[in-house]
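The values are calculated or read from the model by the stated rules, or taken from the named source; none is laboratory data. As the structure is a computational prediction, the values presented were derived from the model and not from experiment. No Cβ is skipped: glycine too gets one built from the backbone with ideal geometry, and neighbour counts run over all protein chains shown. What goes into the accessible areas is simple: the full protein's heavy atoms, side chains included, and nothing from ligands, DNA or RNA. Shrake-Rupley method; radii C 1.70, N 1.55, O 1.52, S 1.80 Å.
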Amino acid sequence: VDIVDGRGVLTGKPNEVKDESSGKVYTAKDIILAPGSIPFVPPGVTVDEKTVYTSDGALELQSVPEWVAIIGSGYIGLEFSDVYTALGSEVTFIEALPNIMPTFDREIAKQAERLLIRERPIDYRTGVFASEVTPGIPGEKPVTIKMIDAETKEHVETLEVDAAMVATGRVPNTANMGLEDAGIETMRGFVAVDEKMRVLTKHEDGEVVPNVYCIGDANGKMMLAHAASAQGISAVENICDRDHEVNHDAIPAACFTHPEIAMVGPTEEQAVELAEKEGWTLGKSTGSFRANSKALAELEGNGMAKVLYNKDTGKVVAVHIIGIHAADLIQECANAVAAGTTVQELSMMVHTHPTLCEVLDEAFKGAVGMSAH
């Protein structure tokens, strides 16, 4: 394997990649684009990576700020709030959408609000934009955050805090890669691909660009490291003429807070819409960490597991967990979704006692009327 230290760009000619700095052109039968993503910084926000910073700068702070405003309450913002409060900081979330943690399943989000926010020095503002964020000077001058109503755009409040973290998501790192020269149109920077990870000329009715693949955050299918890895393996399989498609519905995700949050498949709200659209009946069953002996022994009885399934076929559609080691427990559920395993089959599978996975056993058995707790 030859490793070239540089930044590759497409030349516009088939099978060619150019090193941006040296200008040297390399040829290859197949090309995989994997540029990843960078933090998104909204207009009006000035980042100095010292007092106003993205998730990149947040990992290199020289001191712990007393009061941190986190702009955005998704995975990244929630995880960092967990870290900051553990280190003694006070946190204020600034969320543009009406609900805190808007991308999470609503039932799980309510539990997360109780366990991760209310019991800690955290408050939040929802339905507001951070329209202007001005960096400060540590110990001398605060960070100033002007907020406007998300609908009316009228000024509602100005905050002065010690630091502000911008956690408003990530955008594909595809600028200046020569995509236009290769006839590839992007949408908000995302590269269109088919199910085999082959690059398409555009998102709507695009044609396959021969021998060019794109994996990871740049294609926007699922912005998770393990999803990117799976897509890379899939791309290589297809390059080797072994047909493969990644089942993104079966890829789990996790939020590494205390306790953790994990999920696979759609939220309950999305599943309700999906069932109505496709004409099947949605079933729901839950398991509680309060009824789990190991969770209680660990003094971690808070949390739940929720299984959503197709009542007509018994197949698992989604699982959402909040509780100790949720990120580990979700894998069994992701495997069930991938294999098309039914709740009837899962309810008869024996789980080790005493273990945390019995929370799932309770939910699976509850789906078929066999709940013991």
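Before moving on, here are some points about what is shown:
- Antiparallel beta bridges, as assigned by DSSP with both residues in the chain, represent about 70 percent of the total such bridges.
- Förster-model FRET efficiency, 25 Å R0, Lys24 and Asp56, C-beta, rounded to 0.05: 0.30
- Here the contact order of the chain, divided by its residue count and restricted to Cα pairs under 8 Å and six or more residues apart, works out to 14 percent.
- Across region 65-145, Cα pairs under 8 Å and at least six residues apart give a relative contact order of 29 percent.
- When you filter the GluC sites (Glu not before Pro) in region 160-264 for DSSP loop state and at most 15 other Cβ atoms inside 10 Å of their Cβ, you are left with Glu180, Glu185, Glu195, Glu204, Glu207, Glu245.
- What region 228-311 shows is 50 Å² of accessible area per residue, with the surface traced by a 1.4 Å probe over protein heavy atoms.
- Of (i) -0.29, -0.79; (ii) -0.21, -0.60; (iii) -0.35, -0.88, the label for log10 I(q)/I(0) by the Debye sum over Cα atoms at q = 0.06, 0.10 Å⁻¹ derived from the coordinates: (i)
- Long-range HN-HN contacts of Tyr124 with modeled amide H, under 5 Å: Phe93
- Across Lys277/Lys315; Lys221/Lys284; Lys196/Lys221, pairs whose alpha-carbon gap is larger than 20 Å: Lys221/Lys284
- Here's the list of lysines a cross-link from Lys153 could span, going by alpha-carbon distance under 30 Å and ignoring same-chain residues fewer than 8 apart: Lys50, Lys110, Lys141.
- Loop-located trypsin sites (Lys or Arg not before Pro) in region 134-182, at most 14 other Cβ atoms within 10 Å (DSSP): Lys153
- When only alpha carbons of region 93-193 are considered, Rg and Dmax amount to 18.2, 53 Å.
- For the chain, the mean residue ellipticity at 222 nm estimated from helices alone is -6500 deg cm²/dmol, where every DSSP H run of n ≥ 4 contributes -39500 (n - 2.57) and the total is divided by all residues, rounded to the nearest 500.
- Under 19 Å from the Ala175 label point (7 Å along Cα→beta-carbon), backbone N, region 55-74: 55-57
- Surrounding net charge for Gly36, when Lys and Arg each add one and Asp and Glu each subtract one, Cβ distance under 13 Å: 0
- Residues whose amide H falls under 5 Å from that of Glu90, counting only those 5 or more places apart or on a different chain, are Trp67, Val68, with hydrogens built in the peptide plane.
- Region 83-141: GluC sites (Glu not before Pro) in DSSP coil with no more than 10 other Cβ atoms inside 10 Å: Glu140
- Pairs of Cα atoms nearer than 8 Å and 6+ residues apart set the relative contact order; for region 225-315 it is 18 percent.
- Integer Hz, Karplus 6.51/-1.76/1.60 couplings in order for region 152-163, x for Gly and Pro: 7, 6, 8, 5, 10, 6, 10, 9, 10, 10, 6, 7
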